[in-house]
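To keep things clear, I will list the structure first and then write my remarks on it.
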Amino acid sequence: MANAFACGLFAMYTPPLPWQMAIAAVLAVFFSANLPIAVSLVWITNPVTWIPMYYFAYRVGALLLGRDTFAFSAFSQVFSLETAWELGAPFLLGCLILMVLGAAAGYFGVHALWRRHVQRAWDERKLRRQGIVVEHKPLIPGSDKAVALLSQAWVRVEPHAKALWKVSAEAAVQAWASPPAERIRTLLQEQWKILQTKAQAYLNKLTS
């Protein structure tokens, strides 16, 4: 679980790329982390939240480099997947720092919660051995009710989710071999080459 939070929160602040989930999945497999949780966490940055989150990253990088920054209103107007790389070193440095800090916070935060849980379980066990009645309280207030509600909901949804997954998998296999899918793969390959060219040009500019 700790590895999953580290992988997911690291990939979450990857500069806006369409394969953040793939990065989280690869890291989760490499570090033997919980794959669904790692992949799900990248959705903290999404089309609704990524402008303020990436603006924060941009401000962090600019502050460390001592550069002037856009106001948020101007940033929100110019920011997009296509223009993100043009923000340059302040944006990339800010993302890198927040990627590392997010991974560290996720990893050590989960470990701290687990240690607290284990320590409290041992304390309750000692009290019960002494004949003292202990009222069990959740580690996070309200979490037991949330887990119970989610478990009840999953019992009802699980058969439908499995059926939907089966149908979706069959449809995905058929769609993968279709002509439109081939055109999309070709387009993605072209965009990847363009991105590589831009990244190489930017690296050459930094080193020159």
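Each value in this text was obtained by applying a stated rule to the coordinates, not by laboratory testing. This one's a predicted model, so the numbers in the text were calculated from it and none came from an experiment. In this analysis, Cβ positions are derived from the backbone assuming ideal geometry, glycine residues included, and neighbour counts consider all displayed protein chains.
Go through 100-111, 196-207, 1-12 and give me the packing order, highest mean Cβ count within 10 Å leading.
1-12, 100-111, 196-207
Relative to the present Cα-Cα distance, how much length would full extension add between LEU35 and LEU113 at 0.36 nm per residue of separation?
Extending this stretch completely gives an extra 26.1 nm.
For segment 6-30 and segment 44-65, what is the separation of their C-alpha centers, rounded to whole Å?
16
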